[in-house]
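The values are calculated or read from the model by the stated rules, or taken from the named source; none is laboratory data. This is a predicted model, so every value here is computed, not measured. Cβ placement follows ideal geometry from the backbone for every residue including glycine, while neighbour counts extend to all protein chains displayed. Quick note on the areas: whole protein, heavy atoms, side chains included, nothing else; ligands and nucleic acids left out. Shrake-Rupley method; radii C 1.70, N 1.55, O 1.52, S 1.80 Å.
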Amino acid sequence: IIVPCRTPHLHVKVVQAIQALQWPMNQRRAMFFVTGGEVGKAYDEQLAAVLEHPELKSWKYLLTLEDDNIPPPEAVTLLIEAIEAGPFDAVGGLYFLKGDFAMPQCYGDPALYARTGELDFRPRDVVSAIKQGMIVPCNGIAMGCSIYRMIMFKDVPRPWFKTSPSGTQDLYFCGNAVRAGKRFAVDCRVRVGHLDVASGVVY
């Protein structure tokens with residue numbers, strides 16, 4: 001579990017959410033809080049350290065959480081259920097960009113990519129999927145509460161996560177992973193709050 005932290009102190013709502021997470025029984029876990037620095041670099045360097053570790057490199061899943069996201073208690077068990085049941089290499093919880101006109105962080109249509117080769121990252125319409133608790137295939141997911149098969153990072157070259165003026169670290173990775181044949185989805189059963197730390201408002 002990698003949690004990049006922009007500041008040394010997590011908001012109390014985030015801490016409470018992490019403490020309330022329900023974990024699979026009899027399974028080991030290791031949680032790394034990476035403080036300071038840019039989020040893409042934090043993810044990339046910590047993941048590299050994990051993959052160089054003699055034990056951790058053989059573990060099955062990576063979970064990413066972020067310091068402004070509030071996952072529901074059942075998030076981990078539902079995401080594991082979704083990734084083990086489906087053909088996906090990574091599955092994210094559903095949350096929205098901050099603001100009054102927030103868009104869902106569920107990006108792009110894999111059917112369009114398969115049909116035309118156009119790799120788009122337009123936000124998908126998830127209204128009906130939310131009502132039905134569906135798992136929505138997509139080209140890109142955000143990293144605030146997402147699970148990844150560890151093996152996929154051996155098939156996608158480093159840098160895995162890189163932030164640029166034109167794009168975020170999560171969609172940078174997703175683009176390279178989709179081109180390598182990997183598949184993504186968002187689980188609409190996992191509703192993740194997106195915290196505006198300054199105001200305390202959760203979107």
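Quick notes on this structure:
- Using C-alpha pairs below 8 Å separated by at least 6 residues, the relative contact order for the range 126-203 is 40 percent.
- Gaussian network model of the chain, springs between alpha carbon atoms under 10 Å - residue of ASP100, ASP155, ASP170 with greatest fluctuation: ASP100
- Backbone phi angles across the range 28-42, fed through the Karplus curve with coefficients 6.51, -1.76 and 1.60 (θ = phi - 60°), yield HN-Hα couplings of 6, 8, 10, 10, 10, 9, 10, 9, x, x, 7, 5, x, 5, 4 Hz in residue order; Gly and Pro are listed as x.
- Solvent exposure ordering (accessible area, 1.4 Å, most first) of ARG122, ARG189, ARG115: ARG115, ARG122, ARG189
- Around GLU81: net Lys/Arg minus Asp/Glu count, Cβ-Cβ under 11 Å: -2
- Largest mean-square fluctuation among LEU112, LEU78, LEU94, in a Gaussian network model of the chain whose springs join Cα atoms under 10 Å apart, belongs to LEU112.
- For CYS145, distant residues with modelled amide H under 5 Å away: GLY93
- Rolling a 1.4 Å probe over the protein heavy atoms leaves ARG29 with an accessible area of roughly 130 Å².
- Spatial separation of Cα centroids for the range 1-36 and the range 139-203, in angstrom: 17 Å
- When all alpha carbon pairs of the chain are counted in 10 Å bins from zero, the resulting P(r) reads 9, 37, 40, 13, 1 %.
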